[in-house]
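Before any comments, here is the structure.
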Amino acid sequence: VSEGKYSGRVIVPSYDDDNNLNYFVSRSYVGHKNKYKNPEAEKDKIIFNEHLINWDEDVYLVEGVFDMFFINNSIPILGKSVSEKLWTMLYEKTNANIIICLDGDAWEDAKKLYRKLEGGRLTGKVKLIKLPKDKDVGELGGIKGLKQITLL
């Protein structure tokens, strides 16, 4: 965007299951003091780009929207924990594995998320990938780089 309050930022929109715009993330590419500038909305009420998720294939949970560009069928959780809405959708709709691959500096958060998800109909379907401490999905080259790391 070149003008307005989001100038100098990349904007990534999110759409719900009915293809309605439900949120967006904006990130500076010119070195703003605040890297992210997002709308004042309840992000725990959305599943980022829900319309793209195939619940019959492995679902990857990543921290941010830029991580999702590197892995098909991934859901950016917009932080380090899942909302109740996302937890419910994962529990009710996921028919394959849920693979948690948070940034390397969020290993403790990834383990907490694993413990929250592992159980009931998801027993045995939740996997953890431990990224190197200073890396994220994009820095590893996406799915190709993840395949070189053992699932835990």
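The values are calculated or read from the model by the stated rules, or taken from the named source; none is laboratory data. Quick caveat: nothing in here was measured; it's all calculated off a predicted structure. Reconstructed Cβ throughout: ideal geometry from the backbone, glycine too, with neighbour counts over all protein chains shown. To get the accessible areas, we keep the full protein, side chains included, count just its heavy atoms, and leave off ligands, DNA and RNA. Shrake-Rupley method; radii C 1.70, N 1.55, O 1.52, S 1.80 Å.
Between helix 84-93 and the chain there is an angle of about 50 degrees, using the helix long axis and the longest principal axis of the Cα atoms.
Using a 1.4 Å probe on the protein chains only, how many percent of the accessible area of the chain belongs to carbon and sulfur?
Result for the chain: 48 percent of the exposed heavy-atom area is carbon or sulfur.
Taking only Cα atoms, what is the 0 to 90° angle, nearest 10, from helix 107-117's long axis to the longest principal axis of the chain? Tilt of helix 107-117: around 60 degrees. Provide, for the stretch 24-129, the number of lysine pairs with alpha carbons under 14 Å apart, each pair being eight or more places apart or on different chains. Close lysine pairs found across the stretch 24-129: 13. For trypsin sites (Lys or Arg not before Pro), the sites in the stretch 6-88 that DSSP calls loop and that have at most 11 other Cβ atoms within 10 Å are Lys33, Lys35.
Of the GluC sites (Glu not before Pro) in the stretch 18-63, the ones in a loop by DSSP (not H, G, I, E or B) with at most 14 other beta carbons within 10 Å are Glu40, Glu42, Glu57. Taking the chain as a Gaussian network of alpha-carbon nodes connected by springs under 10 Å, the highest mean-square fluctuation of the residues Ser28, Ser81, Ser14 belongs to Ser28. In this structure the amide hydrogen of Ile100, modeled in the peptide plane, comes within under 5 Å of the amide hydrogens of Leu61, Lys127, Leu128, Ile129, none closer than 5 places in sequence on its chain. Ligands, DNA and RNA are left out, and with a 1.4 angstrom probe the accessible area of the stretch 1-121 is 54 Å² per residue.
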